[in-house]
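So the structure is just underneath, and the comments pick up after that.
Every number here is computed from the coordinates shown, using simple stated rules; none is lab data. What you are looking at is a predicted structure, and each value in this text was computed from that prediction instead of being measured. Don't worry about glycine lacking a Cβ; one is built from the backbone with ideal geometry, like all the others, and counts go over all protein chains shown.
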Amino acid sequence: MKRYDIAAIGELNVDIILNGIESEPEIGKEKFAREMTVTLGSSTAIFAANAAALGSKVCFVGMIGRDSFGALVRSSLEAKGVDTRYLVEGDTPTGATICMSYGEDRANLTYQGSMDVMTFDDIPQEVFANTRHIHLSSLFMQSGLLRDVHRILDTAAANSVTVSLDTQWDPMETWKLDYKTVLPKVTVFMPNEKELQCLTGAPDLESAIAAVLPYLGGAMMLKCGSDGSILIRKDGSRVHLPAFLNKEVVDAIGAGDSCNSGFVSAFVKGLPLEECQRTGNLTGAVNTTAAGGTGAFSSLEAVRKVCAERFGQKLNL
Ligand SMILES: Nc1ncnc2c1ncn2[C@@H]1O[C@H](COP(=O)(O)OP(=O)(O)OP(=O)(O)O)[C@@H](O)[C@H]1O
Ligand SMILES: [Mg+2]
């Protein structure tokens, strides 16, 4: 028996969210924001917190600085039931995003900090022996991990650890990930439609799917927002599952991460891929019923209740 079901390897940062801003920032002037929230950010953290809420045993592997933001990241993850013993403390400050909210729109400014300097050599090797599955995420925000991606995947394979990969968006928009060599080592690839097209440089979704199909290690869970998802196996078979539509969306922040957390939690339980897909669509939908990425995931019972009452579905976790 391994100690963890899932090791989440990804970025960690703090969000400084400013609301009620009188007008846009201007060089040489000072302005007021009426509200501020300082909270754990990072999409991989949403994934890890929600997978833990869904009952998976989760540890986080990521880098923070030796600073108060690092302490906030650690205590916030622990409060969500995520094991933080493999967080690495480095000399670079913890990353932070200043989110300036203007109604529905946000202007974000990110300092990557420690997330960008973490490399394969910073990952404690016992992680690979102690987990059954690795969820690797947000590679383009972590240039050290992006460079070392093959070392991570090869070590996972040597330890019989399955891997899910969600590259997330590339803020540089250069998409420098060689999917032809990387995807064969990934058990489940979890992009959204736009990311898949950018990664492959394909002119439309069908050609993007055709481009990655020969290289899939196992399957692809293609996320299509309110259109649901398409599960594509490496033999080319497909299942399109419409979303469990929520007509009163609070916000969709973290829907993709919550979808990943449901899919992977079902996967590590050994459920069939179609059931993992259904669980992912369901937890993505649950995400939209409360504010932020983790608001709807206070406990497994709370998630079960929303699944039953809002979507008429049973959560098989
Ligand atoms: N409005 C919605 N109502 C119901 N379900 C939704 C809604 N939006 C998303 N979902 C579900 O969540 C899943 C993942 O969402 P999405 O496709 O937006 O992922 P993503 O693009 O990776 O998101 P993110 O921007 O959070 O990274 C979808 O496949 C869908 O099943
Ligand atoms: Mg996403």
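Loop-located GluC sites (Glu not before Pro) in the range 237-312 (DSSP state other than H, G, I, E, B) with a sparse environment of at most 10 neighbouring Cβ atoms within 10 Å: E248. How about K185: which aspartates and glutamates have a C-alpha closer than 18 Å to its C-alpha, ignoring those fewer than 8 places off in the same chain? In chain and number order, the partners are D148, D154, D166, D235.
Structure remark: mean-square fluctuation, Gaussian network model of the chain, C-alpha springs under 10 Å; the largest value among F32, F47, F263 belongs to F32. Could you give P(r) for the range 99-192, binned at 5 Å from zero, as whole percent values over all Cα-Cα pairs? With a bin width of 5 Å, the distribution comes to 3, 12, 21, 23, 18, 10, 7, 5, 2, 0. From least to most packed, judged by other beta carbons within 10 angstrom and beginning with the fewest, M118, M1 follow the order M1, M118.
Bridge orientation summary for the chain: considering DSSP beta bridges with both residues in this region, about 45 percent are antiparallel. Projecting the Cα atoms of T97, Q125, I64 onto the dipole axis of the chain, where Lys and Arg carry +1 and Asp and Glu carry -1 at the beta carbon, places Q125 farthest toward the positive end.
The dipole here belongs to the range 63-164: it is taken about the Cα centre, uses +1 on the Cβ of Lys and Arg and -1 on the Cβ of Asp and Glu, and is about 180 debye.
Annotation note: trypsin sites (Lys or Arg not before Pro) in the range 1-65 located in DSSP loop regions with a Cβ neighbour count of at most 16 within 10 Å are K2, R3, K29, K31.
Packing around the peptides 176-188, 100-112, taken as the average count of other Cβ atoms within 10 Å per residue, puts them in this order, highest first: 176-188, 100-112. The lysines within cross-link reach of K314, meaning a Cα-to-Cα straight distance under 25 Å and a gap of 8 or more places when in the same chain, are K57, K80, K223, K247, K269, K305. Using Cα pairs closer than 8 Å and at least 6 residues apart in sequence, work out the relative contact order for the chain, in percent. Worked out over the chain, it gives 15 percent.
Per residue, the convex hull around the alpha carbon atoms of the chain comes to 139 Å³. Listed by Cβ neighbour count within 10 Å, with the fewest neighbours leading, S164, S258 appear as S164, S258.
Placing unit charges on the Cβ atoms of the charged side chains and taking the dipole of the chain about its Cα centre, the candidate lying farthest along the positive direction among G225, F189, G10 is F189.
Charges were assigned to the Cβ only: +1 to each Lys and Arg, -1 to each Asp and Glu. The resulting dipole of the range 5-144 about its Cα centre is roughly 360 debye.
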